[in-house]
Amino acid sequence: MDSNNTIVPGFDDEQNDDLKISLQKIPTVKNGCLVTLTGIIDTYNSSFFQNQITKVITAGYINIIFKCTFLDYIASTGLGNFTNILKIIRSVGGDFVISDIQPKIEEYFTLLGFSQFFVLRQNTQLAIDYFINKEKKDTQTFLPVENYISNEIENEENIERLVAILSPTNEIEKNTTNRVDNNKNNTKPSDITS
């Protein structure tokens, strides 16, 4: 297994006694990194936590799984860190999943409403599956619009309506032309000036 410094150069240059962070590449997830958290995230080490994860993101790992099997406590500042990290990661097209979370911490996330913002999974494999499925959805090819159009279009009027729906500029031009034509038809001889 690669060391933290091999995955993210200089990662282990800074240490914290209350929070140990270990990194592991996830070969099946594009730009994926498993971040195992051991200890606690509190007011005193929350900036350390955010700085370390920022190093991971800066190194190009934007799809992160936080494995929290051994995370025993998280303060509100730690939740704030997770929120900031999520904003950063999503701004560069990534995401993160929190997995293997202890029941007492999961309850904390739920009570404060954070389970609605964060993707939580019971174990690491389910977290990996989340990214694999997400990647499949992101790379799905969509058929051209013509394939979704029913073959039941039978007359010219329906085709004109369809064209108007699919090309808004044609509809705008058509409306403008109709207004000009209507104004011509509604003009009275007394309205014409020479």
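The values are calculated or read from the model by the stated rules, or taken from the named source; none is laboratory data. The shown structure was predicted, so the numbers you read here are calculated from the model rather than taken from an experiment. Glycine also receives a Cβ, built like all others from the backbone with ideal geometry; neighbour counts cover every protein chain displayed. Quick note on the areas: whole protein, heavy atoms, side chains included, nothing else; ligands and nucleic acids left out. Shrake-Rupley method; radii C 1.70, N 1.55, O 1.52, S 1.80 Å.
Structural remarks
- Scope the range 75-97; condition closer than 15 Å to Leu19 by Cβ and in contact with a Phe, Trp or Tyr (Cβ under 8 Å, 6 or more places away or on another chain); matching residues: Gly78, Leu79, Asn81, Phe82, Ile85
- Residues satisfying the criterion are present in the range 52-74 (criterion: surrounded by fewer than 17 Cβ atoms within 10 Å (Cβ to Cβ) and hydrophobic (A, V, I, L, M, F, W, C)).
Table: residues versus (1) under 19 Å from Asn84 (Cβ atoms); (2) touching a strand residue (DSSP E or B) at 6+ places or on another chain (Cβ under 7 Å); (3) of a type in the set (D, E, K, R).
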residue: Thr6; (1), (2), (3): no, no, no
residue: Pro9; (1), (2), (3): no, no, no
residue: Asp12; (1), (2), (3): no, no, yes
residue: Ile21; (1), (2), (3): yes, yes, no
residue: Cys33; (1), (2), (3): yes, yes, no
residue: Thr38; (1), (2), (3): no, yes, no
residue: Gln52; (1), (2), (3): yes, yes, no
residue: Ile57; (1), (2), (3): yes, no, no
residue: Ile65; (1), (2), (3): yes, yes, no
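- Here Asp42 meets each of (1) open to solvent by 50 Å² or more (accessible area, probe 1.4 Å); (2) among the acidic types (Asp, Glu); (3) closer than 25 Å to Gln15 by Cβ with one exception, condition (1).
- Residue, most open to solvent (accessible area, probe 1.4 Å), within the range 107-128, restricted to residues that are more than 13 Å from Ile41 (Cβ to Cβ), at pLDDT below 90 and not hydrophobic (A, V, I, L, M, F, W, C): Gln116
- Close contacts from the range 47-70, counting a first residue that is closer than 16 Å to Phe11 by Cα and touching a residue at least 12 places away in the same chain (Cβ under 8 Å) and a second that is acidic (Asp, Glu) and in a loop (DSSP other than H, G, I, E, B), with Cβ to Cβ under 8 Å and a gap of 6+ residues or different chains, come to Phe48/Glu14; Asn51/Glu14; Gln52/Glu14.
- Those residues of the range 107-130 which are within 21 Å of Asn31 (Cβ to Cβ), in contact with an Asp or Glu (Cβ under 9 Å, 6 or more places away or on another chain) and in a helix (DSSP H, G or I), in sequence order: Thr124, Ala127, Tyr130
- Listed by first and then second residue, the pairs linking a residue in the range 78-97 that is more than 18 Å from Phe49 (Cβ to Cβ) to a residue that is hydroxyl-bearing (Ser, Thr, Tyr) and outside any loop (DSSP other than H, G, I, E, B), with Cβ atoms under 9 Å apart and 6 or more places separating them unless they lie on different chains, are Asp95/Tyr130.
- The residues listed here are Glu154, Glu135; of these, the one that is at pLDDT below 90 and in contact with a Lys or Arg (Cβ under 7 Å, 6 or more places away or on another chain) is Glu135.
- Flag for Asn133 being within 18 Å of Ile7 (Cβ to Cβ) and either open to solvent by 60 Å² or more (accessible area, probe 1.4 Å) or in contact with a Phe, Trp or Tyr (Cβ under 6 Å, 6 or more places away or on another chain) (or both): no
- Only one of the listed residues (Gly10, Gly32) is open to solvent by less than 80 Å² (accessible area, probe 1.4 Å) and over 18 Å from Lys67 (Cα atoms). That residue is Gly10.
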